[in-house]
Amino acid sequence: MLDSTFLKDRLVVITGGGTGLGKSMAEACAARGAHIAIAGRRKDVLESAAHDISKHGTTVTPITCDVRIPEQVQNMTDMLIGKYGRIDALINNAAGNFICPAENLSVNGWNSVVNIVLNGTFYCSSSVGKTMIKNGGGTIINIVATYAWASEPGVVHSASAKAGVLAMTRTLAAEWAKYHIRVNAIAPGAIRTEGTDKNLWGDENQRERMNRRIPMRRFGQPDDVSNSLLFLLSDYSNYITGEVITVDGGGWVGKGTYEMVDVTKD
């Protein structure tokens, strides 16, 4: 559906772009001709990822940036504008999460996640969005989660922050449409990456229980998310803003009290 060079010479900025979904999305965009900037806190991880992504033949700029610190975010924006002249797309992917019952969650744990997910998304959107307004438009895509609107135990900090990002997505979409800026979101479900395997479902029993909750009966792969991202970056979605694409195999709509049983089988 999409030409292999439809992002040629556009600059796509991805926070949290050194690992997992962020790196996968960066590679998908680079493979379609985009110049890439990946931001994160660990210089060695970013440089390793940049080396891998650059194999697609485009320019990759690794930037050490803590999205919780607005001055660092602004420095990142200024540097990229100085180098490329404009930013065409921003992917707010940087996140923090860990499973913790609400009664055991510390103030520091709460602030750690909210500062990255909610505040960091606003700092990046504000800084980059202002340049997009000056340059005639652009695309912002926020990575949220289905528990931003559906219940999920153990993630009150992340769910609250992602719900804020979802509200931010729709508010900015309404405000910035007149500047030709589209703001949308993607809500991945259970996507298997090195990080999720380590932090969210660490053993086979957990993975099996999670798999049974997904109507499509499989975990998602990073490419499932990247393909939706490419659609939202393309002209095929140029009349879509303020929307959320859920990529979870039917996970959140399949939740229920009872497990479905196929009564047609003996």
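The values are calculated or read from the model by the stated rules, or taken from the named source; none is laboratory data. On a predicted model such as this, the values are computed, not experimentally measured, just so you know. Reconstructed Cβ throughout: ideal geometry from the backbone, glycine too, with neighbour counts over all protein chains shown.
Take the residues in region 140-189 that are at pLDDT below 95, out of contact with any strand residue (DSSP E or B) (no Cβ under 6 Å at 6 or more places or on another chain) and not small (G, A, S); name whichever of them is farthest from L21 (Cα to Cα). Top of the filtered list is P153. Only one of the numbered conditions (1) free of Cβ contacts under 8 Å to residues at least 12 places away in the same chain; (2) over 13 Å from T64 (Cα atoms) is not met by D44, and that is (2).
The strands (runs of 3 or more DSSP E) located wholly in region 9-128 that include 2 or more residues which are more than 19 Å from S228 (Cβ to Cβ) occupy 35-40, 60-64. Does region 80-89 include one or more residues that are more than 21 Å from R182 (Cβ to Cβ) and modelled with pLDDT of 95 or more? Yes - at least one qualifying residue is present in region 80-89. Being surrounded by 16 or more Cβ atoms within 10 Å (Cβ to Cβ), farther than 19 Å from N142 by Cβ and out of contact with any Gly (no Cβ under 9 Å at 6 or more places or on another chain) is a property that does not hold for H56. For region 70-111, residues that are surrounded by fewer than 16 Cβ atoms within 10 Å (Cβ to Cβ) and more than 24 Å from G164 (Cα to Cα) total 7. Considering G85, G109, the condition of being within 23 Å of T61 (Cα to Cα) and of a type outside the set (F, W, Y) is satisfied by G85 alone.
Here's the yes/no breakdown for (1) surrounded by 15 or more Cβ atoms within 10 Å (Cβ to Cβ); (2) at pLDDT 80 or above; (3) touching a His at 6+ places or on another chain (Cβ under 9 Å); (4) charged (D, E, K, R):
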position: I191; (1), (2), (3), (4): yes, yes, no, no
position: R218; (1), (2), (3), (4): no, yes, no, yes
position: S226; (1), (2), (3), (4): yes, yes, no, no
position: L230; (1), (2), (3), (4): yes, yes, no, no
position: Y239; (1), (2), (3), (4): no, yes, no, no
position: V244; (1), (2), (3), (4): yes, yes, no, no
position: V247; (1), (2), (3), (4): yes, yes, no, no
position: G250; (1), (2), (3), (4): no, yes, no, no
position: D262; (1), (2), (3), (4): no, no, no, yes
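Sub-8 Å Cβ pairs linking a first residue in region 3-18 that is farther than 19 Å from P62 by Cβ to a second residue that is among the hydroxyl-bearing types (S, T, Y) and not in a loop (DSSP other than H, G, I, E, B), at least 6 apart or interchain, number zero. Return yes when R41 is out of contact with any helix residue (DSSP H, G or I) (no Cβ under 6 Å at 6 or more places or on another chain), at pLDDT 95 or above, among the basic types (K, R) and at negative phi and no when it is not. Criteria met by R41.
Looking only at residues in region 16-41 that are within 19 Å of F6 (Cβ to Cβ) and small (G, A, S), which one is surrounded by the most Cβ atoms within 10 Å (Cβ to Cβ)? Selected residue: A26. Among residues of region 112-149 being surrounded by fewer than 17 Cβ atoms within 10 Å (Cβ to Cβ) and either among the polar types (S, T, N, Q) or under 15 Å from the mean Cα position of the chain (by Cα) (or both), the one that is nearest to V253 (Cα to Cα) is S112.
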